[in-house]
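Step one of this worksheet: look at the structure below.
The values are calculated or read from the model by the stated rules, or taken from the named source; none is laboratory data. All values reported here derive from a predicted model rather than from experimental measurement. Glycine gets a Cβ as well: all are built from the backbone with ideal geometry, and neighbour counts include every protein chain shown.
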Amino acid sequence: MIGLCTDHLGLDLDRALGEWEGALEAARAGLLARKGVPGSFLGWMDLPEDTETLRAVRRYREGVDFAEDLVHIGIGGSSLGALALEEALGEGRVRVHPVDHVEPTPLKRLLDRLDPRRTLVHVVSKSGTTLETLSAFALFLDWLKKGTPDWRRHVVVTTDPSRGPLRRFAQEEGLASFSIPEEVGGRYSVLSPVGLLPLAFSGADLEALLSGARMANEVARRPLGENLPLKTALLQHLAWLEGRGITVFMAYSARMRHVPAWFVQLHDESLGKRDREGRRVGTTALPALGPQDQHAQVQLFREGPLDKLIVLALPLQDEPLVIPEGPGLPGFLPGRTFLDVLQAEALATEEALAQAGQRVYTLTLDRVDAYHLGWLLQHLMWQTAFLGELWGVNAFDQPGVELGKRLALERLEKDGRFQ
Ligand SMILES: O=P(O)(O)OC[C@H]1O[C@](O)(CO)[C@@H](O)[C@@H]1O
């Protein structure tokens, strides 16, 4: 299960829940009342139930026998979740290479390393118009066409069900394709084929992933006292009211190393915007990794500004890997497990940060596996959606990114080079 530990929070959560009950219930009711209303972008709630798409992804995977490498081209919501899950759950049956950039040298190096006859290119874009994605796709398409006569079998497209240039291209060329449902926005799409397809190739347990997410859906509908996302949304909300403008997501798991980056997009792009009265709202999500950031960011977290809510994500079980005798190791360490060390460090960090005056709580996962990651990611989507209601913003649009996109295109139309 996923648990919440507030031992060092420094405030009485039960009491706070009592005080905020009305606002939290209104947030949930307001959100759920829009379910099914076109344009409300709540389709992510239904993705864990979509077993038909799961079957289609599996069928497709079984039909592709040549793939030793999969290039996943996409950016933002079309990449971060897939990458986070692949890092945590992928078994490496097919090697997955994320391409979420337009930097020439790594693009060239990747092309030089791969064999087009053994490569599947998965291009992902909800809009089908994203500059970085389409540029990289053009490059890989050209490479496939030169390197393999049946290039069409080597491309799979995931995009809007009916609109956009990528959908048109897939139809015109008769390419294999999957849909990101119309009512699912990019950063809420990880449990659609955006994340499922690469994981099917690398060999993760997709059924367990969706089953964990279904548990998150169930918990989100429970009464307040048992409702994890309403509780964590409240903790985020209270920190914001206290003037804590930064919310750190610190995963104590190397396998979960890319989950904080996925959370950053989810939180920042959903919640950093103008509210209905035109006020600027939002907190800044900051990614962190334990224990590595104990040797980097924790100094700042302890002695820098008291402007943070710090959330640790900690696995409770793992392989019983024991520390052997070794040169220079203190006598109490050999015989303890690596998990002992990881947990001792996380709990010590939690306590040290609380003593410094930061707000801190821990999300515990029984294990880092498909079930718990499905639950965690879907939980964080619920938390974000509830916060959107509490802060009076639309958590499902991103008007603030449009100007930069337009200016980049205008520059490219003229020249584009830095002068
Ligand atoms: O899936 P698309 O349409 O290529 O968009 C990629 C990303 O770009 C944004 O639209 C803006 O950054 C994100 O919301 C989205 O995840």
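Close Cβ contacts (under 7 Å, 6 or more residues apart or on different chains) running from residues in the range 112-126 that are in the same structural domain as L83 (by TED's automatic domain parsing) and among the charged types (D, E, K, R) to residues that are at pLDDT 95 or above and more than 9 Å from the ligand (Cβ to nearest atom) comprise R117/F66; R117/G147; R117/T148; R118/F66; R118/A67; R118/E68; R118/D69.
Among residues that are without any contact (Cβ under 8 Å) to a residue 60 or more places away in the chain, of a type in the set (D, E) and either more than 16 Å from the ligand (Cβ to nearest atom) or farther than 24 Å from L312 by Cα (or both), E207 is not included.
Would you say L54 is in a helix (DSSP H, G or I), in the same structural domain as V124 (by TED's automatic domain parsing), within 16 Å of the ligand (Cβ to nearest atom) and not small (G, A, S)? Judged against the criteria, L54 is not a match. Here is a check on your reading of the model: is H295 of a type outside the set (G, A, S) and under 20 Å from R187 (Cβ atoms)? When the stated conditions are applied, H295 does not pass them. Only one of the listed residues (V393, V360) is buried (at least 16 other Cβ atoms within 10 Å of the Cβ), of a type in the set (A, V, I, L, M) and closer than 30 Å to K126 by Cα. That residue is V393. So is V190 within 28 Å of L107 (Cα to Cα) and either over 20 Å from the mean Cα position of the chain (by Cα) or basic (K, R) (or both) or not? So V190 does not fit the description; no. Scan the range 130-172 for residues that are under 19 Å from S192 (Cβ atoms), surrounded by 14 or more Cβ atoms within 10 Å (Cβ to Cβ) and of a type in the set (S, T, Y) and the total you get is 4. L197 meets the stated requirement of being outside the structural domain of Y371 (by TED's automatic domain parsing) and within 16 Å of the ligand (Cβ to nearest atom). Considering the range 101-149, the residues that are in a strand (DSSP E or B) and within 19 Å of P165 (Cα to Cα) include one that is farthest from the ligand (Cβ to nearest atom), namely V121. Would you call L175 under 14 Å from L107 (Cβ atoms) and of a type outside the set (S, T, N, Q)? Here the answer is no, as L175 does not meet what is asked. Residues that are among the aliphatic types (A, V, I, L, M) and not in a helix (DSSP H, G or I) within the range 196-215 comprise just one, A204. Taking the criterion of being assigned to a helix (DSSP H, G or I), in contact with a Ser or Thr (Cβ under 8 Å, 6 or more places away or on another chain) and within 13 Å of the ligand (Cβ to nearest atom), the only residue of the range 80-100 that qualifies is G81.
Evaluate the following for G282: is it within 16 Å of the ligand (Cβ to nearest atom) and over 17 Å from the mean Cα position of the chain (by Cα)? Yes; evaluated as a whole, the condition is true for this residue.
The residues of the range 365-385 that are among the hydrophobic types (A, V, I, L, M, F, W, C), in a helix (DSSP H, G or I) and closer than 18 Å to V311 by Cβ, listed by number, are L373, W375, L376, L377, L380, M381, W382, A385. Just one of the numbered conditions (1) part of a helix (DSSP H, G or I); (2) within 14 Å of the ligand (Cβ to nearest atom) is not true of V157: (1).
Just one of the listed residues (G77, G30, G10) is within 16 Å of the ligand (Cβ to nearest atom), among the small types (G, A, S) and either modelled with pLDDT of 95 or more or surrounded by fewer than 16 Cβ atoms within 10 Å (Cβ to Cβ) (or both), namely G77. Considered as a group, the residues in the range 57-74 that are small (G, A, S) and part of a loop (DSSP other than H, G, I, E, B) include one that is farthest from the ligand (Cβ to nearest atom), and that residue is A67. Hey, can you tell me all the residues within the range 159-168 that are touching a Gly at 6+ places or on another chain (Cβ under 8 Å) and of a type in the set (S, T, Y)? Of everything in the range 159-168, just one residue is touching a Gly at 6+ places or on another chain (Cβ under 8 Å) and of a type in the set (S, T, Y), namely T159. When L32, L17, L13 are checked against the criterion of being closer than 23 Å to L191 by Cβ and not acidic (D, E), a single residue qualifies: L32. I want to confirm something. Restricting to the range 245-265 and keeping residues that are within 14 Å of the ligand (Cβ to nearest atom) and buried (at least 24 other Cβ atoms within 10 Å of the Cβ), which single residue is nearest to W382 (Cα to Cα)? So, considering only residues that are within 14 Å of the ligand (Cβ to nearest atom) and buried (at least 24 other Cβ atoms within 10 Å of the Cβ), the one nearest to W382 (Cα to Cα) is F263. Pick from the range 160-194 the residues that are in a helix (DSSP H, G or I) and of a type in the set (A, V, I, L, M): which of them is farthest from the ligand (Cβ to nearest atom)? Here the answer is A170.
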